[in-house]
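See below for the structure under consideration.
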Amino acid sequence: MAKGTHEYTVDERNAAIKINVNGKLFPREKATVSVFDSGFVLGDGVWEGLRLHEGTLVFLDQHLDRLWEGGKALDFDPGISREELVNRLHATLKANKMHTDVHIRLMVSRGVKATPYQDPRVTISKPTIVIIAEYKTPKPATLTKGVELFTVHVRRGSPDVQDPLINSHSKINCIVACIQATKAGADEALMLDPQGFVATCNSTHFFIVKNGQVWTSNGNYCLHGITRGNVIDLCNSSGIPVNEKIFSLTETYSAEEAFVTGTFAGIAPVRSIDGRVIGNGKRGKLTKKLQDLYLNLLDSEAGVTRV
């Protein structure tokens, strides 16, 4: 089972889900791709994590914009139109009779290769497109008690090494960071930029509350997170001071609050970093306020009005 920010409540319905591989639906145990697929051989592809909330794939356009941007950077096209891809997503959800509390992993690789070699010119098929939709909700404790972070030695790279703006299948630096954090007994890794300033986490984005203001990194060394951007917008629209800026671990340790953001769990508080208790070690008032605002935003996206 996933741990940390991605720890979820086990749902028995996931054993019988249908998975979409190149437009065809397969039972979970029979959904496969070729051993010559670019994603398997080299991690050559892009992906998105989507959320189904009350019948709506929230922030879908933003996710698809990022998917196409990543594909363009890697010099390949998904091979189908956005409309066709959206139809595949909805067909997968319909086949699984899904309505809400669903997390979708949309993966697009360059395609099948003639031989296991990195040159894109030996690709002999259209891109491989896989859609995995599962019933997933974060553990309640993740959203209330929060998580512990550990600062790792693995840095977020600059664009001339591996551009962090590409949400690629090649996540080995984040995996190594996650391993180091796990070995240290933490839930997730806090990663620094090449200059040693705070950048992001291995699978979520990082924020602190300092002197009543919300701070996050300048964004130069992290993925342009959809939830990250929405939280910044929520702060601006709600009169909460927010800054994208450079800051260090020294400033982080003395923060009043800290939290992480991501498509799966939304907003989760951080109770400690490197053994330093953040604030009073409990979910802060501003973090709770932003959680409520974010849930309202999800409902608004889905056209839901709660009494």
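Note on the chain: with charges restricted to the Cβ of Lys and Arg (+1) and Asp and Glu (-1), its dipole about the Cα centre is near 660 debye. Relative to the longest principal axis of the Cα atoms of the chain, the long axis of helix 226-237 lies at roughly 40 degrees. Bridges between two residues of the range 130-229, per DSSP, are antiparallel at a rate of about 70%. Take each peptide in 15-21, 103-109, 294-300, count the other Cβ atoms within 10 Å of every residue, and average; sorted highest first, the result is 103-109, 15-21, 294-300. Taking a point 7 Å from the Cα of Ile124 along the Cα-to-Cβ direction, the residues of the range 17-36 with backbone N closer than 12 Å to it are 36. The alpha-carbon positions of the range 4-136 define a convex hull whose volume is 117 Å³ per residue.
When the chain is treated as a Gaussian network with alpha carbon springs shorter than 10 Å, the biggest mean-square fluctuation among Val130, Val198, Val176 belongs to Val176.
Here the range 32-120 is assigned +1 on the Cβ of each Lys and Arg and -1 on the Cβ of each Asp and Glu. Its dipole about the Cα centre then comes out at about 280 debye. Taking every DSSP beta bridge that has both ends in the range 141-302, the antiparallel portion is near 65%.
Summing charges over all other residues whose Cβ lies under 12 Å from the Cβ of Glu54, with Lys and Arg as +1 and Asp and Glu as -1, gives -1. Compared with the alpha-carbon gap, the fully stretched path from Asp11 to Glu29 is longer by 4.8 nm at 0.36 nm per residue. Note on Arg105 and Ser248: with the Förster distance fixed at 41 Å, the Cβ-Cβ geometry gives a FRET efficiency of about 0.75. Scalar couplings 3J(HN,Hα) for the range 241-257, obtained by applying the Karplus form with A = 6.51, B = -1.76, C = 1.60 to θ = phi - 60°, are x, 9, 9, 9, 8, 8, 8, 9, 5, 4, 5, 5, 4, 9, 5, 6, 8 Hz; x denotes Gly and Pro.
Between Asp75 and His153, full extension at 0.36 nm per residue minus the direct alpha carbon distance yields a gain of 25.0 nm. Scanning residues 5 or more positions from Asp37 or on other chains, those with amide H under 5 Å from its amide H are Lys113, with H placed 1.01 Å from N in the peptide plane.
We did not get these values from a lab; they are worked out from the coordinates using the rules stated. Owing to the predicted nature of the structure, the values given are computational and were not obtained by experimental measurement. So basically every Cβ, Gly included, is an ideal-geometry build from the backbone, and we count neighbours across all protein chains shown.
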